[in-house]
Ligand SMILES: Cc1cc2nc3c(=O)[nH]c(=O)nc-3n(C[C@H](O)[C@H](O)[C@H](O)COP(=O)(O)OP(=O)(O)OC[C@H]3O[C@@H](n4cnc5c(N)ncnc54)[C@H](O)[C@@H]3O)c2cc1C
């Protein structure tokens, strides 16, 4: 049997939930698929207070946000959230297949599809990078913050961007030692608030360093790190051994954009966004009519922008289905303005440059 | 190892249940990912890779990277980072592609 909701949303992170809040609020029959055990995407493991604008819950701890996003619509009969359900295919007749709890294949033929699948962590090359004990930093966050299990007793963090810094701090909160934070750049990529917390804990941040190899037989028992030169090549003689029983990689994220490719949406490789992303218009619609993009899958950014993009995709979808949305044009413009202001200033520069590479000018553009 | 006394988090655990790993009786909390329960007992090696027989463990925690495939109740290729633990599960390290019975 093929289910025919008006809107199918793949991914129940901040982008997907914000989209659902809008489509359900406008009266669309909406199904949300998420492959995790609970909704919320990356947010469920984020115990720190959020940066970002107030409209998008800055100052609130990340783990509380899914609950707040769903509050207005959680009782609506129009909303169905299927967890542990992985969207696995898209066919030329517009059918999306999904594996439900590893047991059953479900089929959907929605009128509109919003893809908000987020991103996955990247890895880097070094001997033994596949050894148990080499973990994504986000994965370690899930293990310790959601399930209360320690990944090990002493970790080495690779990457001093926000994720590397935040997870290092959270490891210490959980009583787990951090040997050092290693960063290839000559500066710290993350925000100073996070970096200074690490400095206060006396965890060394080693810029212009990289990991040479992970040590161990069956699992990590240490690591070799070294200084690098201007060409990012290890400087002989600077190698040293670090004692640790796990290594966290916080070396960036890459969009999980396969479904767009299956749906033959036009894609473009955008280095600023971590990989291949679909072209989109200002309403978040891709080159394939009726398929929308929102959040990290369209370009690695942050939860605040994922929420606004989700809301924008949600109201645009509902509007295109002919739902009555009071003040549609004003709300649409407000959301777009909010994105512009989030992406303003020097911090937003690489995002602006990324957006410029994947814009299609919309015929349906409002205002 | 479980994290006790966290300064800002309180962990809501399901009820304690027993399962077996490679024939050994272990316990964990119902509903948590199998990988979390195994980590609590210090089990990091979850399978051996197909071509070079190298040990593999937990990596992405979102069911995408295929590093953590194990045999659960006789079924191979189960992603234990997202598969909830249930009482009486029989969990084994997977070697290679696993076998369908
Ligand atoms: C350590 C860390 C700290 C951060 N701190 C901040 C911060 O302070 N402020 C901020 O604004 N942002 C922060 N971010 C970024 C923020 O978490 C992300 O930008 C945001 O979660 C992106 O939302 P999303 O909905 O696009 O994707 P996600 O949150 O990744 O959600 C995507 C969901 O889709 C599911 N999914 C994927 N593929 C499928 C499929 N095929 N079928 C079904 N479901 C699927 C995934 O399991 C997931 O649940 C942080 C990120 C990290 C990792």
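The values are calculated or read from the model by the stated rules, or taken from the named source; none is laboratory data. Keep in mind that what you see is a predicted model, and the values were worked out from it rather than measured. Ideal geometry is used to build each Cβ from the backbone, glycine not excepted, and the neighbour counts take in all protein chains shown.
Of everything in region A:1-39, what is in contact with a strand residue (DSSP E or B) (Cβ under 8 Å, 6 or more places away or on another chain) and in a helix (DSSP H, G or I)? Give them in sequence order.
Correct list: A:16, A:17, A:19, A:20, A:23, A:24.
Quick one: which residue in A:248, A:265 is part of a loop (DSSP other than H, G, I, E, B), at pLDDT 95 or above and within 16 Å of the ligand (Cβ to nearest atom)?
Working: A:248 fails: part of a loop (DSSP other than H, G, I, E, B).
Within the list A:248, A:265, the selection yields A:265.
Enumerate the strands (runs of 3 or more DSSP E) found wholly within region A:116-231, keeping only those where 1 or more residues are more than 14 Å from chain B (Cβ to nearest Cβ).
Values: elements: A:119-121, A:134-136, A:154-158, A:177-183, A:205-207, A:209-216, A:220-227.
Hits in region A:116-231: A:154-158, A:177-183, A:205-207, A:209-216, A:220-227.
Looking only at region A:17-35, which residues are within 14 Å of another protein chain (Cβ to nearest Cβ) and either crowded, with 24+ Cβ neighbours inside 10 Å or more than 9 Å from the ligand (Cβ to nearest atom) (or both)? I'd like the intermediate steps shown before the answer.
Filtering region A:17-35 down to residues within 14 Å of another protein chain (Cβ to nearest Cβ) leaves A:33-35.
Answer for region A:17-35, where residues must be within 14 Å of another protein chain (Cβ to nearest Cβ) and either crowded, with 24+ Cβ neighbours inside 10 Å or more than 9 Å from the ligand (Cβ to nearest atom) (or both): A:33, A:34.
So how many residues does region A:164-178 have that are touching a strand residue (DSSP E or B) at 6+ places or on another chain (Cβ under 8 Å) and buried (at least 20 other Cβ atoms within 10 Å of the Cβ)?
So the count comes out to 7.
Go through region A:89-112 and count every residue that is outside any loop (DSSP other than H, G, I, E, B) and more than 12 Å from the ligand (Cβ to nearest atom).
Of the residues in region A:89-112, 4 are outside any loop (DSSP other than H, G, I, E, B) and more than 12 Å from the ligand (Cβ to nearest atom).
Among the residues of region A:239-273, what is the count of those that are away from every other protein chain (no Cβ under 14 Å) and within 30 Å of residue B:45 (Cα to Cα)?
Result for region A:239-273: 5.
I'm trying to understand the selection: among the residues of region A:288-300, which are away from the ligand (no atom under 12 Å from the Cβ) and touching a strand residue (DSSP E or B) at 6+ places or on another chain (Cβ under 7 Å)?
Selection gives A:290, A:291, A:292.
Take the conditions in contact with a strand residue (DSSP E or B) (Cβ under 6 Å, 6 or more places away or on another chain) and surrounded by fewer than 24 Cβ atoms within 10 Å (Cβ to Cβ) and apply them to residue A:96. Does it pass?
Spelling it out, it is not the case that residue A:96 is in contact with a strand residue (DSSP E or B) (Cβ under 6 Å, 6 or more places away or on another chain) and surrounded by fewer than 24 Cβ atoms within 10 Å (Cβ to Cβ).
Would you mind stating whether residue A:68 is exposed (fewer than 15 other Cβ atoms within 10 Å of the Cβ) and not in a strand (DSSP E or B)? Step through it out loud before you land on a result.
Numbers: exposed (fewer than 15 other Cβ atoms within 10 Å of the Cβ): yes; not in a strand (DSSP E or B): yes.
Taking the combined requirement at face value, the residue satisfies it.
Are there any strands (runs of 3 or more DSSP E) wholly within region B:2-101 with 1 or more residues that are on the phi > 0 side of the Ramachandran plot, without any contact (Cβ under 8 Å) to a residue 24 or more places away in the chain and within 12 Å of chain A (Cβ to nearest Cβ), and if so which?
Passing ranges, in order: B:75-79.
For region A:301-329, which residues satisfy the criterion of being surrounded by fewer than 23 Cβ atoms within 10 Å (Cβ to Cβ) and within 16 Å of the ligand (Cβ to nearest atom)?
Selection gives A:302, A:304.
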